[in-house]
Amino acid sequence: MKKISVITLILLAILAGCTKTKKEEESPVKQEQQQVNWNYPETKRKLVTDEYFGTKVEDYYRHLENNDSEDVQKWTAAQNELTEKTIFSWAQTPKIEKRLGEVWNYDKMLPPVKRGDKLFFRYQTGLQNQPVLMMQLADGTKKELINPNTIDKNGTTAMDWWYASPNGKYIAYGLSENGSEQSVLHLLDTDSGAEADKPIDGCRYASVGWLPDESGFYYTRKLDGNHAGEIDTEQSVRFHKIGTDAENDEIIAKSSIKEAILVSSLDEKGLWLLLTEYQGSSGKAKLALYNTSTKETKKVVDNYDNIYEGEVYGGYAFLKTDKDGALNWKIEKLNCETLEWTTAVPEHEKDVIEFFSISNGRIVVSKMHDVASKLSIYDLEGKNEREIPLPALGSAEFISDPVNKEIYVAFSSFAFPPAIYEYTEEAGMKQLWQAEVPVKTDDIVTEQVFYTSKDGTKIPMFIIYKRGLEKNGKNHTFLRGYGGFNVNYPMYFSAVNAVWIETGGIMAIANIRGGGEYGEKWHRAGMLDKKQNTFDDFAYAMKYLADEKYTNPEKLAIWGGSNGGLLTGAMVTQYGELFKAAVVAVPLLDMLRFHKFLIGRYWVSEYGSSDDKAQFEYILKYSPYQNIKKDGRFPAVLLTAGEHDSRVHPMHAKKMAAALQYENKSNNPIFLWVETKAGHGQGKSMQARIKESAMEIGFFLKMLGVE
């Protein structure tokens, strides 16, 4: 899901006439082994019955929702032991782990940020666990500023975000442990390397806006509960003056709803602060402008009718929005004084605006054309000046600054290793860096096809393989997908993809509905009551790969994580005959209860909620956990989770694994792997990433019969 939680709804449930009742059996029943040859750990079955609007729903594994239970911890450890011992006993897995370590052993860099005469960028050497924040001076001298690897020898402390002050004197950055994303804000003096202020807790996903004189900053803070992801209503935008007590910081704005996500953005003069309050993960937002001189707040948009995302420059707020039905997005320009709206960059008929930023009095826009990036530069009135040339079809991200002319571009594609470029209008594109990967990228072929989904919609899909591959219907194939939250599945270089292709396999990526590949219309066609479109799109990608003789169901594996884990979980329960094996990673699976855990309430705008009768009815039809067939014959499944995940609770993977192990009548295994020192992927050490990826590929190769 994009960057972006537990609400008590008993009163609302009573008012709606949908009070749930629970009934538990007095004595637990031991889970009988359906596949004794896999030696699954013993799992208790204890019936809990919920009632939703007159419909009774049974749950035998409610107890697995309690991470703190000693029994659940022992059960999880036993599942982990079985999974690791079995998968690493297969000859393919250690070989894949070794090769992944070789391929992943290249340096990695993110595009730099220019502040004054300093460049700041994150750099990761070889198999280093976490990237390091570096500073480069005007004479080319480089200095290490923040190295999370020296903080924690296990490599599981992560730097979640960072913001450099206007002249590069300070870095405000967030650290969290074990992938929890519960960031603590730290302040570093870049010249001395010393801490410049006391840490501030409760700064998950903080947005920091520095004053031009670097004396202080506006930031967002939300105070958390006793467990990761339990966030109370004290989310606010505050001002902190360096050297003062953060507990006395002035509160500029507070969230008005419990599922709000507050973001602030300060202009280059430090005068106007754009306050954006998002309705969960929907992107729909209320807007206000705060004048830092007069300390007055102007309401701009006081409803959640439209999506807004932007920044302030030169006395105007520039906002990417779907306002007035612009489903491919447009950029609006709002006068901070008069609140007059004008269109700066109009909606394009086909190309989708992904994001934009201001650079030295220009608007730099990233668009997407059939899932490939295009970069364009406009003046502040919306005149299209020129396109920034890219080296190939692929995915580009950029960093620009309101007062600097340089634009820094990160580019990658399936057969194009990551590279960093500096662009100026005078000099054009200049490559600053490119990863040296131990892979013959010239041997990698990329096709883009458009297949027909169940309802006739054309869906794009990338198919990547080694040159010379024969379409004989026998190639082992690995299909990925996501399909949610307006998130695109981009073209990118991946060590996992490269190693899979080296085995002679095909890697395919389906750009299904629910994502943002074709704008907000594409997103809406795969959310809420249209979510089944996402699943059908992915299933028909599998059908296409078999029909066109790339592969066949016995040679096809699928992978999805987070919302993509919901996708592959639904494939297991709906379309299991189309593939042999699935990885269901950090997934959402019990969709009747997802909103009751961690930050799940933020996603009600995407999925709906079982507390609403109409939404309950369509969620129940597809929710993977509730649609496991009794005595079903399922494909092989590996479910993964992070014990410290503060987004998606590991109970989803645990409950699904237990239920599938009990009901499965096929000879295919059901495995569970819970990473004990990681979250939703954040904070995971490089060695843990390599191990888990080796486990997944080794699992696929064994299940697909690849020796």
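The values are calculated or read from the model by the stated rules, or taken from the named source; none is laboratory data. Nothing here was measured: the structure is a model prediction, and the numbers come from that model. Please note: Cβ atoms are built from the backbone with ideal geometry, for glycine as well, and neighbour counts cover all protein chains shown. For accessibility, only protein heavy atoms count, side chains too; no ligands or nucleic acids. Shrake-Rupley method; radii C 1.70, N 1.55, O 1.52, S 1.80 Å.
Stretching the chain fully between S215 and T343 yields a gain of 42.6 nm (0.36 nm per residue, less the alpha carbon separation).
Packing-based ranking of 96-102, 588-594, 404-410, 648-654 yields 648-654, 588-594, 404-410, 96-102, ordered from highest to lowest mean Cβ neighbour count within 10 Å. Probing with 1.4 Å while keeping every protein chain in the model, the per residue accessible area of the range 42-183 equals 44 Å².
If you average the C-alpha positions of the range 506-550 and of the range 616-656 separately, how far apart do those two centres end up, in angstrom? Centre-to-centre (Cα) distance: 20 Å. Averaged over its residues, the range 253-374 has an accessible area of 38 Å² per residue, based on protein heavy atoms and a 1.4 Å probe. Each residue of the range 545-554 is assigned a 3J(HN,Hα), and the resulting list reads 4, 6, 4, 8, 6, 6, 7, 8, x, 6 Hz, derived from the Karplus form 6.51 cos²θ - 1.76 cosθ + 1.60 (θ = phi - 60°), x at Gly and Pro.
Ligands, DNA and RNA left out, the 1.4 Å accessible surface of the chain is 48% carbon and sulfur atoms. Taking all protein chains together and rolling a 1.4 Å probe, R513 ends up with roughly 10 Å² accessible. Among 307-313, 256-262, the peptide with the highest mean count of other Cβ atoms within 10 Å heads the list, and the full ranking is 307-313, 256-262.
A cut-off of 5 Å between modelled amide H atoms, ignoring neighbours fewer than 5 places along the same chain, links A344 with I331, E332, K333. Across the range 439-581, Cα pairs under 8 Å and at least six residues apart give a relative contact order of 27 percent. Computed from phi, the 3J(HN,Hα) profile of the range 328-337 under the Karplus parametrisation 6.51, -1.76, 1.60 (θ = phi - 60°) reads 9, 6, 9, 10, 9, 10, 10, 6, 5, 7 Hz, with x in place of Gly and Pro.
Counting only heavy atoms of the protein chains, get the accessible area per residue of the range 456-511 (1.4 Å probe) and round it to a whole Å² value.
On the way: 1590 Å² over 56 residues.
Accessible surface, normalised per residue, equals 28 Å².
Evaluated at q = 0.07, 0.10, 0.11 Å⁻¹, the base-10 log of the normalised Debye intensity for the chain, with identical point scatterers placed on the Cα atoms, takes the values -0.47, -1.02, -1.26.
Label sites at E425 and T49, each approximated as a point 7 angstrom past Cα along Cα to Cβ, lie 7.2 nm apart.
Quick one: putting +1 on the C-beta of Lys and Arg, -1 on the C-beta of Asp and Glu, what dipole do you get for the range 458-551 around its Cα centre, in Debye to the nearest 20?
On the way: 13 positive and 9 negative charges, 18 e Å.
Dipole about the Cα centre, nearest 20: 80 debye.
Taking K and R as +1 and D and E as -1, what net charge do the other residues with C-beta under 12 Å from the C-beta of G126 add up to? After counting each charged neighbour, the total is -2.
Please work out whether the range 95-203 counts as rounded, prolate or oblate from its C-alpha gyration tensor, where a ≥ b ≥ c are the square roots of the eigenvalues and a/c under 1.5 means rounded, while otherwise a/b larger than b/c means prolate and anything else oblate?
Values: a/c = 2.50, a/b = 1.32, b/c = 1.89.
In terms of gyration-tensor shape, oblate.
Across the range 353-365, computed HN-Hα scalar couplings (Karplus, 6.51 cos²θ - 1.76 cosθ + 1.60, θ = phi - 60°) run 6, 8, 7, 8, 7, 8, 9, 6, x, 10, 9, 9, 10 Hz from first to last residue, x flagging Gly and Pro.
Could you order peptides 274-281, 77-84 by the average number of other Cβ atoms within 10 Å of their residues, highest first? Walk me through the numbers on the way to the answer.
Working: 274-281: 23.1, 77-84: 17.1.
Most protected by this proxy first, the peptides run 274-281, 77-84.
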